[in-house]
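The values are calculated or read from the model by the stated rules, or taken from the named source; none is laboratory data. All values derive from a computational prediction rather than experimental measurement. Heads up, the Cβs are rebuilt from the backbone with ideal geometry, glycines too, and the neighbour counts pull from every protein chain shown. With ligands, DNA and RNA removed, areas are computed over all heavy atoms of the protein, side chains included. Shrake-Rupley method; radii C 1.70, N 1.55, O 1.52, S 1.80 Å.
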Amino acid sequence: MPMQHNHSYHTITEGSAAAAPRISLLAGIVACVCIAVYLGAMVFAGIRVYTGIVERRVLASREFSKLADFSVSLGTGGMNDAAFEKSVTDEFSRLKTLQGAIFSSALGNYITLERNRGKVITWNELKETPDFKPQFGISKDPLSKPLQIGNQMVTFRAVYNYIDYEFLITILKRALLVVLATLCLALFTLIFQFLLANPITRPKPGLLIKEFRSKVKDRDAAAFFQDESPGDGKSGHKTTETPSDFRDERDEAAGAAVPPQPPQPQPPASAGSGTEDNGLYTSRSYIGQEAHTVDRLAAELKRCAAFEQDLVFMAVEMRASRNPDDREFRFLADEAVKFFLRRDLIFEKGEKGITVILPGVDLDEGFTKSEKFLGRVESKYLEAFGDAAKLFMGLSSRAERAIEAERLVFEASGALTKAWEDPSSPIVAFRSDPEKYRDFMDAQNKSRP
């Protein structure tokens, strides 16, 4: 049953068009959620880091007072007592925040304490007085307090680190996990949106696709198409005219001139008919001769059947505001070779048409390729000739059928005729039912004497 595509909207089904607002809404909601989570993770991490610094400063003040009180309680020996320095050093090593401390007396005696030797305290050039090194993460203003140790007045100063790096790393890890989870959500949403927004690879019937069935007359096995619209009440379908009687009734009713007649669903001439070129390709367009179409299609059908592959046969015809000359027809042929890449599988079709054999391609993929080729040719034709050209395409496929080449050409030509009827849907694909086709062929064989 042929399926038609509304090229002006570049959509396949009514569901696809209706899904676009839902996709945009979903993407907007996910984007807002992601932004909110990102901001929330950053704000949460910032607050935790700030509260950690405040808590660190409070703890450093407590440890500083604790070490000062401990130093005063050591006795009356003062700083000169060897036991004093050892006891203070042991107590200093138990603290968490203080990184360096300096005890200095009025007599010029100093005791320095460091958690990492040489990292916090520095001496002047003469190595007479110590001081603290300025560095990131260490308090700039040392904590200071005068002490009475024995009979000496001592100045006690200390610096602390206000960043707990282990705590900071934990916070950053948690924030990173939240951001990573949100990123995965955004990625899955993007993939889901892409799949919903691009259903062209699997076209389905809908508002912008019309489905047709084929019937075969017992008299001459000639097919004609039917629209899926309410009809006679028996089959639920309304029978249209045969392809040879197609006319634009609206134009005739308006008294307009009769438009160009659609192509007739007839196979091209056989290989034995005459042609102006004796070689493989014609001198007019440098693609295959029309007389060779059926033979080459039959060979490709046989090969694809042997390898259980599908095959699409495409009939293309151009309609411009005026009759295209050889130069414009050669343009169409050249674009077909550039797009489909196989010159030996492209053939002339009458004065302004071509046919293309696509082996190893199913009908859905062939439909997608034809749509891309349509847009390419129409845009380039307008640039090259400053005129608007309209392409019509009819497709049919092997579809697991033991079908003859002439029959496949007939189906594609009939689909092309349907495309001519409705210019808003320039691509029509004949989709067959393999089981019904086999039943029809069995009935035809039984009816033969």
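Any residue in segment 76-86 that is on the phi > 0 side of the Ramachandran plot, in contact with a strand residue (DSSP E or B) (Cβ under 8 Å, 6 or more places away or on another chain), open to solvent by less than 70 Å² (accessible area, probe 1.4 Å) and not in a helix (DSSP H, G or I)? Steps first, please.
Applying the first criterion (on the phi > 0 side of the Ramachandran plot) to segment 76-86 yields 78.
Imposing the further condition that a residue be in contact with a strand residue (DSSP E or B) (Cβ under 8 Å, 6 or more places away or on another chain) reduces the set to 78.
From what is left, the residues that are open to solvent by less than 70 Å² (accessible area, probe 1.4 Å) are 78.
With not in a helix (DSSP H, G or I) added as a condition, the list becomes 78.
Yes: segment 76-86 contains one or more residues that are on the phi > 0 side of the Ramachandran plot, in contact with a strand residue (DSSP E or B) (Cβ under 8 Å, 6 or more places away or on another chain), open to solvent by less than 70 Å² (accessible area, probe 1.4 Å) and not in a helix (DSSP H, G or I).
Considering only residues that are among the hydrophobic types (A, V, I, L, M, F, W, C), modelled with pLDDT under 90 and outside any helix (DSSP H, G or I), look in segment 299-334 and name the one that is farthest from the chain's Cα centre (by Cα).
Across segment 299-334, the extreme among qualifying residues is Ala320.
Restricting to segment 404-429, count the residues that are part of a helix (DSSP H, G or I) and open to solvent by less than 10 Å² (accessible area, probe 1.4 Å).
Selection size over segment 404-429: 12.
Can you tell me which residues in segment 335-374 are touching a residue at least 24 places away in the same chain (Cβ under 8 Å), out of contact with any Phe, Trp or Tyr (no Cβ under 8 Å at 6 or more places or on another chain), in a helix (DSSP H, G or I) and open to solvent by 30 Å² or more (accessible area, probe 1.4 Å)?
The answer is Asp344, Glu365.
Given the residues Ile191, Ile163, which is the only one that is open to solvent by 70 Å² or more (accessible area, probe 1.4 Å) and either touching a residue at least 60 places away in the same chain (Cβ under 8 Å) or within 30 Å of Ala31 (Cβ to Cβ) (or both)?
Testing whether each residue is open to solvent by 70 Å² or more (accessible area, probe 1.4 Å) and either touching a residue at least 60 places away in the same chain (Cβ under 8 Å) or within 30 Å of Ala31 (Cβ to Cβ) (or both) leaves just Ile191.
Which members of segment 118-134 meet the condition of being exposed (fewer than 10 other Cβ atoms within 10 Å of the Cβ) and among the charged types (D, E, K, R)?
Within segment 118-134, Glu125, Lys127, Glu128 qualify.
Go through (1) closer than 20 Å to Ser61 by Cα; (2) in contact with a Pro (Cβ under 9 Å, 6 or more places away or on another chain); (3) touching a residue at least 12 places away in the same chain (Cβ under 8 Å) one by one and return the number of the condition Lys140 breaks.
(3)
For segment 135-151, what are the residues that are at pLDDT below 85, in contact with a Gly (Cβ under 9 Å, 6 or more places away or on another chain) and surrounded by 11 or more Cβ atoms within 10 Å (Cβ to Cβ)?
Ile149, Gly150
Anything in segment 54-69 that is surrounded by 14 or more Cβ atoms within 10 Å (Cβ to Cβ) and either assigned to a loop (DSSP other than H, G, I, E, B) or of a type outside the set (D, E, K, R) (or both)? List them, or say none.
Once the filter is applied, which keeps residues that are surrounded by 14 or more Cβ atoms within 10 Å (Cβ to Cβ) and either assigned to a loop (DSSP other than H, G, I, E, B) or of a type outside the set (D, E, K, R) (or both), segment 54-69 yields Leu59, Ala60, Phe64, Leu67, Ala68.
Filtering segment 87-104 down to residues that are part of a loop (DSSP other than H, G, I, E, B) and surrounded by fewer than 17 Cβ atoms within 10 Å (Cβ to Cβ), which residue is nearest to the chain's Cα centre (by Cα)? Talk me through it step by step, then tell me what you get.
So the first thing to find is which residues in segment 87-104 are part of a loop (DSSP other than H, G, I, E, B), and the list is 94-97.
With the extra rule that they be surrounded by fewer than 17 Cβ atoms within 10 Å (Cβ to Cβ), the set shrinks to 94, 96.
On the way: Arg94: 58, Lys96: 52 Å.
Residue satisfying both the conditions and the ranking: Lys96.
Could you give every pair whose Cβ atoms fall below 9 Å, whose first residue belongs to segment 407-424 and is on the phi > 0 side of the Ramachandran plot and among the acidic types (Asp, Glu), and whose second residue is in a loop (DSSP other than H, G, I, E, B) and open to solvent by less than 10 Å² (accessible area, probe 1.4 Å), counting only separations of at least 6 or pairs across chains?
none
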